[in-house]
Every structure is written in C-alpha cells, then in structure tokens.
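Engineer: Encoded as structure tokens, here's the structure I'll be asking about.
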Amino acid sequence: MESLKTDLDKDVRLQVVDSLQRLYIPVNSKGPIKTVFNKVKSVFAEPDRPLVQNPSTVDAGVKTALADTMQKDFNEEVRAASARALGSLRARDRVAILISTLESPQNRDHHDVRLEIVESLGLIRDDAAGPALQRAIKDPDRSISQAAILSVGLVAFKEARPALEDIFKNDRSEESRKRALEAIALLRDPKSAPLFESLLGNTDDNYRELAAEGLARIGGDPAVLKSRYETEKKANVRNALAFALVAADQDMYFADLAAALDSRQSFQAEAYVFELGKFEGKLPEIHRYFRSNNTKVRARMAKIAGDIGDPSSRALIEELTKDKDSEVAGEAIIALRKLTPA
C-alpha cells in the first residue's frame, strides 16, 4: 500500500489499486494479473465488475489508503480507479468521504473521479447517500446526472421518487427517461404502483419490462400479471412478468426463469433469480434446479447461490463440485469459495 503514496509511476499505483481488490474479490482469471502494464484492461474496470462478497472482511487500512488516494493523488486515472475500488469493496464506512469528494468545488472539473464516485455510491447501497445523489441528478454533466439517477434507485432513496417521475415524464433525453424508470423500479415504493400499472400495456417493451420489475418489488396483483403474461410476446417482458409472478408466490413461473438462464436473456434471468433467492425467500427453488438436466441451468444456479451467500447452500453446492460437467463443477467450486469465510 505504501506504493500508492510513494511510487511516481501511475501504472504502478494502478497496479496496487487492482491488487488490493484482488485480496478480497475472487476473480476467475488465472495467471498474471491483467493490468495497464501489458495494455490489458483490469477486470475491475469492466462494466459488470466483480464485487466483494463480504464487505466486513476488508481491512480498514485498505479502505483508508484508497480513500486517501482518491482525494490526493495527482493523477486523475488513479483517483478514479480508487473511487471505483471503494465501490467494488462496498466500503460503506467511507460513504461520507465519497460524498464530500463528490461535492467539493475543487473536484468540479474532475469528471472521471466524480462519475466513479456516483456509481460507487450506488453499488454500496447506503441510503445515507440519497440526498447527495438526488442533488447530483441535476448535475450539468449528462453522464454524471444519468449515473446519479440510477444510483438513487440503487440506494432506494424513496424521497427522490417525485423527481424521478418528473424526469421520466418530461426529460428530453430518452436515456435519462429510461434510467429514471429503472430507478423508480428499484425504489420499492408502493406509491409507484399507478405508474407501473399504466405502463404494462405501453408500446415500448423496455417500459413494460421495467414496469413489471417495479411491480415485482412492491407486490403486483397476480391476476393482472397473469393476464399480461398470457398475451405478451417479447421474451424480456415475459421474463419480467414471471419475476413479478414468482415474487407474488406464483412459484410455477420460476420454471420460465430457469429456462431463460440458457437463452439470450440469461443475464436478465440471472438477475431476477438472484433477487428472488436473496430477498423473496425463493432460495429453495434455486436449490431444486441444482438437479436440472440442463448443464447451463445447473451451472448458473450454482453461481447465483454462491453470489447470494447463504450458508444453507453449502452442502448442496459441495455435491455440485463433483458434477460430471466441468462447467457446473467449476462454477460450484467458485461458489463454494464465496461461502467460505476469509
């Protein structure tokens, strides 16, 4: 960590930021660490970056070093990488420092640093960041304001719902409107129900998808959802409606999400299955599909169970490590590692 303060080569400092994350986040890649040294982007810089499974395992000294670097390093790229790392390590106890850095006038022109902070605050999911993120929604920089819209939803800051609905209805940017609706769907605010219900029949399939997601999180009427499901043609919307139906304890629709894990919508289905297992009490349904005849489904269910991190999955995942399919066994080994205390 001392190299973060003393080494003059910014590539070395970026390497340290990367290495500090690898101390706590299992990464599937083997061999040499991919770094800016060989011009290969770090896995932690990817859009779908890996996150720490248990934030309590992260040493306070590591978070302090990253926070200091985010504030004081003389290179914008290193500062931004440090801000991003605090999000990947879900450093909840550094939220106040992230906010003060975001709102400091001296950082007004440091776009990359501020953008990474906004995204990290969303990943950390501490509603204490809500007011600052709501202010950032009005940032003149469009990329920062759009990132803030989604992060407000991720931290479930319900007070921002009227502002988000206004953006959805009136903003000139289609991307901002879509992000606003996605954020509203994440808030779990029952007051959003009229908006979601009004959008279930919208001609835009993305709007129908997000409306179904929102209803899944606040409790939609199963009869209405079933009616929409029976007439829906778009796969992404049918998946979202199945998500809402399972959340409403219509567990027969879980089979649709399981099947979607081996489809073009696998990423979407994986997110829904994770949420159902983590927050809606559907972990037993995930366990049931460890016996699926479809190897893709078994592998992805093992991965999801590992990400959820419930100890009750351990014995069942141990069995999957002996699976005859190498992909299933590999995912099970990684999942088991996530369930093992550091």
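Engineer: Output the qualifying pairs, or none if there are none: Cβ atoms under 8 angstrom, residues six or more apart or on different chains, first residue in region 214-232 and in the same structural domain as Met252 (by TED's automatic domain parsing), second residue of a type in the set (S, T, N, Q) and crowded, with 16+ Cβ neighbours inside 10 Å.
Structural biologist: Gly214/Ser192; Ile218/Ser192
Engineer: Something else now. Determine the pairs where a residue that is free of Cβ contacts under 8 Å to residues at least 40 places away in the same chain, located within region 256-277, has a partner that is of a type outside the set (Asp, Glu) and part of a loop (DSSP other than H, G, I, E, B) with Cβ atoms under 7 Å apart, the partner being 6 or more residues away or on another chain.
Structural biologist: Matching pairs, first to second residue: Asp262/Asn294; Ala269/Leu261; Glu270/Leu261; Leu276/Lys282.
For (1) assigned to a helix (DSSP H, G or I); (2) crowded, with 17+ Cβ neighbours inside 10 Å, each residue gets a yes or a no:
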residue	(1), (2)
Ala129	yes, yes
Pro140	no, no
Ala148	yes, yes
Ala160	yes, yes
Lys169	yes, no
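Engineer: Given the criteria surrounded by 22 or more Cβ atoms within 10 Å (Cβ to Cβ) and in contact (Cβ under 8 Å) with a residue 60 or more places away in the chain, does Leu123 qualify? Can you show your working first?
Structural biologist: Working: surrounded by 22 or more Cβ atoms within 10 Å (Cβ to Cβ): no; in contact (Cβ under 8 Å) with a residue 60 or more places away in the chain: yes.
In short, no.
Engineer: Could you check region 279-299 and list, in sequence order, the residues that are of a type in the set (Phe, Trp, Tyr), within 25 Å of Arg217 (Cα to Cα) and crowded, with 18+ Cβ neighbours inside 10 Å? Write out each step before concluding.
Structural biologist: Here is the first cut: in region 279-299, the residues of a type in the set (Phe, Trp, Tyr) are 279, 289-290.
Imposing the further condition that a residue be within 25 Å of Arg217 (Cα to Cα) reduces the set to 279, 289.
If the condition is that a residue be of a type in the set (Phe, Trp, Tyr), within 25 Å of Arg217 (Cα to Cα) and crowded, with 18+ Cβ neighbours inside 10 Å, then Tyr289 is the only one that fits.
Engineer: Are any of the residues in region 154-174 within 25 Å of Asn107 (Cα to Cα) and touching an Asp or Glu at 6+ places or on another chain (Cβ under 7 Å)?
Structural biologist: yes
Each row is one residue, and each column tells you yes or no for (1) among the hydrophobic types (A, V, I, L, M, F, W, C); (2) more than 19 Å from Gln21 (Cβ to Cβ); (3) modelled with pLDDT under 95; (4) outside the structural domain of Ala183 (by TED's automatic domain parsing).
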{"residue": "Ala67", "(1), (2), (3), (4)": "yes, no, no, yes"}
{"residue": "Asn75", "(1), (2), (3), (4)": "no, no, yes, yes"}
{"residue": "Ala91", "(1), (2), (3), (4)": "yes, no, no, yes"}
{"residue": "Ile99", "(1), (2), (3), (4)": "yes, yes, no, yes"}
{"residue": "Leu115", "(1), (2), (3), (4)": "yes, no, no, yes"}
{"residue": "Ala132", "(1), (2), (3), (4)": "yes, yes, no, no"}
{"residue": "Ile144", "(1), (2), (3), (4)": "yes, yes, no, no"}
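Engineer: Hey, among Arg90, Arg84, which residue is in contact with a helix residue (DSSP H, G or I) (Cβ under 9 Å, 6 or more places away or on another chain) and in a helix (DSSP H, G or I)? Let's see the steps before the verdict.
Structural biologist: Numbers: Arg90 fails: in a helix (DSSP H, G or I).
Only one candidate passes the filter, namely Arg84.
Engineer: List every residue pair whose Cβ atoms sit under 7 Å apart, with the two residues 6 or more apart in sequence or on different chains, where the first one lies in region 37-48 and is assigned by TED's automatic domain parsing to the domain that holds Leu23 and part of a loop (DSSP other than H, G, I, E, B) and the second, anywhere, is surrounded by 13 or more Cβ atoms within 10 Å (Cβ to Cβ) and modelled with pLDDT of 75 or more.
Structural biologist: Ser42/Asp18
Engineer: How many residues are part of a helix (DSSP H, G or I) and touching a residue at least 24 places away in the same chain (Cβ under 8 Å) when one looks only at region 318-328?
Structural biologist: Pass one, region 318-328, residues part of a helix (DSSP H, G or I): 318-320, 326-328.
The next check asks that each one be touching a residue at least 24 places away in the same chain (Cβ under 8 Å); those that pass are 319-320, 327-328.
Total satisfying the criteria: 4.
The values are calculated or read from the model by the stated rules, or taken from the named source; none is laboratory data. Nothing here was measured: the structure is a model prediction, and the numbers come from that model. Note that each Cβ is placed from the backbone with ideal geometry, even for glycine, and that neighbours are counted across all protein chains shown.
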